[in-house]
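No value in this document is a laboratory result; all are computed from the given coordinates. Values in this document were obtained by computation on a predicted structure and should not be read as measured data. Cβ coordinates were reconstructed from backbone atoms using ideal geometry, including for glycine residues, and neighbour counts include every protein chain displayed.
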Amino acid sequence: MCGIVGLLVKKPELKQQLGQLMVPMLIGMTERGPDSAGLAVFAEPLKGAARKLSLYSGLTEDGADFNWHGLTHALKEHLSVDSQIEVKHNHAVLTFDVSPDLVKKWLHEHHPRLHILSTGQTIDLYKDIGTPAEVAERYDFAELTGSHLVGHTRMATESAVTPDRAHPFTAGEDFCLVHNGSLSNPYGVRRMLEPHGIHFDTDNDTEAACRFLEWRLREGDDLETALQKGFEELDGFFTFLMGTPDKLALIRDPFACKPAVVAETDDYVAIASEFRSLAHLPDVKHANVFEPAPEEMYVWNA
Amino acid sequence: MHAQPVSFDLASTPLREVNTFLHRQLTEGDQRRFEVHNPDGAHNIAVGLDQPVTVEIHGHAGYYAAGMNKKATVVVHGSAGTGVAENMMSGTVHVKGFASNGAGASAHGGLLVIDGDAGLRCGISLKGGDIVVGGSVGSFSAFMAQAGRMVICGDAGDALGDSLYEAVIYIRGTPRSLGADAQFEPMTDADYQTVDELLKRAGMQHDPKSFKRVASARGLYHWNADANQEY
C-alpha cells in the first residue's frame, strides 16, 4: 500500500498557500504510507542556464551536520562554479549557472553518499523516512509555494525502507513520478533501458517506471504518447502521478487495482488515493469529485 | 419514536463510538433514525448493522461503508469508496453519488442502489443480493456471480459476467465485452417484471423493454476436455 497526493492551483494568489493546503492531504494518507514521505514542488522556473539540484545528506557520514557551505566553496575552488545554497538540515537546494552534468559528476566523485534528489529549473524535491507528519515538519512543507506538487506516503513492499527508495522518483530534469502499486516487470524494463546508458540509483520498481517515461519524453514523445507507451511496457499494478514544469498527469492500470480520486473546483485540482485526503480542502463540498477511470490519461495544466 | 434523528458528527466523535452505538441492542421506543455528518471518506462507516434502523451519511464515505449490512437502511448522500455494502445480508444501501470498486461484492441479500456509476468488479461473487446501478459499471462486474440480480441502466466495461453462475444481469446500455460463458438471452415476461420491480424499488425510471438479459451459458459448469481451455 502507499498513498499519493497531488495539488495544482489555478489562481496565482493560491500559489502562496500550496504547501499549507497540501500538508493535511499528505498526513491524511498516513495509514496508507507510514514509513516514508516526500514531495516534489514546481515553482517559477530559474532564468537562462541556471539549474538547481535538490540534495540529501542523510546518507553521508555527517548526516544533518553535512558541511553545505564547504560544498559551495569546493565547487568554486575545483570547478570555478559560483553557486548558492539553501539548507534545511539534511536537505539543500544548490543553484548554479553551469551544466548540471558537470556538477553532478563532481558530486559523485567527491561526495558519493550525497544523494541527488532532483535536477532542473522548476523542481524542488524532498523525501525521507518517517511518518508524513514528521517529514512535513522536518522540511517545513507548509511553507512551500508554487503552482503544483506531487506527494507520496510510502508503505514499502518492493524494496527497503530508505530515504533514496522513498518517492517521488525523478529522472532527467524537472520530471517526477510517484507510484501506488507494484510492477511485475521492473527488471525487464531496466534491462531494456540500461543499454541506452540509463543509470539506476536504486533497486526500486518505481524507479524503472520513472526512468522509462522520462526516457520516452527525452526521445521526443509528448506526454500522452509516453504514457501510452507506459501502458504497453509497464506491467503490474499502478496508479502513477507525474509532475512536469507545467503539468500534472495521472494514469491507472487496466484493473484499477490501486485507488485514486480527484476533486476539482475553479481554484484547484486535487488528487489523492482516497477522499480522506481531500476532505479538508476549501469548498470541497461543491467540488466535482470523481474517480479516474483505468487506462485513461488525465493531464492537468498548471 | 423521536421526531428528530440522532445525529453524529465524525469531526468530533470517533467512528468506533458511532458504530458501537449503532450496534447496541434496540428496545421498544428506541430511536431508529440516525444521521452521520462529516464522514470525510472514513472507512467502515455503519458496518455490521443488524437491526432495522436507518442511517443517513451526509458526505463522501470511505471503504466498506455499510459492509455486512443486515436489516438496516443506509443512505450515502455522496460517493462511496471500495466495497460499499460488501457481503450485505439484507436491508437496503443507497449511494446517491458514485461507488468505487467492488460495490456489493458477495452480497447474499438486500438491495444496493447506486445512482451514479460503479467502479470495477461491481457485484463480484454476488450470492443472492440485488444491485441497481443508475449509471455504468466498470470492467469485470458480476464476475463469478452466483445468485441475485443486477440491473445496469448505463453501459459496462470489459468481461461483464465472466464465469457467471446463476445470477442474472439486465443491462440497458452496452458492455464493452462479455466475459467467458456470459451470453445475451431473450427477455421473458418474468424478466420485464423483475426489471420493473427493481427499478421501482430503486426509484429509477426507465422502460423495462429497453433492457437486455445477460446470463450464464453454463458452458463452464462441466469440464470439457475438447475445449482446449477456450471458452
query: Among all the lysines, which ones have a C-alpha under 28 Å from B:Lys209's C-alpha, if same-chain residues fewer than 8 places away are not counted?
result: B:Lys96, B:Lys127, B:Lys200
- prompt: Residues of A:269-279, mean number of Cβ from any other protein chain within 10 Å of their own Cβ, rounded to a whole number?
  reply: 4
- line: Row for the range A:182-253, column shape: gyration tensor on C-alpha, a ≥ b ≥ c, rounded if a/c < 1.5 i.e. under 1.5, prolate if a/b over b/c, else oblate; value oblate
message: Quick check on the range B:37-227: take the gyration tensor over C-alpha atoms, sort the square-rooted eigenvalues as a ≥ b ≥ c, and tell me if it's rounded (a/c under 1.5), prolate or oblate.
response: prolate
- request: Work out the length of the dipole vector of the range B:37-227 about its Cα centre, built from +1 on the beta-carbon of each Lys and Arg and -1 on the beta-carbon of each Asp and Glu, and round it to the nearest 20 debye.
  value: 180 debye
message: Taking the Cα centre as origin and putting +1 on Lys and Arg beta-carbons and -1 on Asp and Glu beta-carbons, what dipole magnitude results for the range A:47-121, to the nearest 20 debye?
response: 280 debye
- prompt: How many percent of Cα pairs in the protein assembly as shown exceed 29 Å?
  reply: 57 percent
message: Taking the Cα centroid of the range A:123-161 and of the range A:169-221, what is the distance between the two, rounded to the nearest whole Å?
response: 20 Å
message: Suppose only helical runs count, i.e. DSSP H with n ≥ 4. What mean residue ellipticity at 222 nm does that imply for chain A under -39500 (n - 2.57) per run, divided by all residues and rounded to the nearest 500 deg cm²/dmol?
response: -7500 deg cm²/dmol
query: If you take the Cα atoms of the range A:102-211, find Rg, then find the Kirkwood Rh from the mean of 1/r over all pairs, what is Rg/Rh?
result: 0.96
Taking chain B and dividing mean pair separation by its residue count, relative contact order in percent (alpha carbons under 8 Å, at least six apart): 10 percent
- line: Longest principal axis of chain B (C-alpha) makes with the long axis of helix B:189-202 (C-alpha) an angle, in degrees to the nearest 10, of 30 degrees
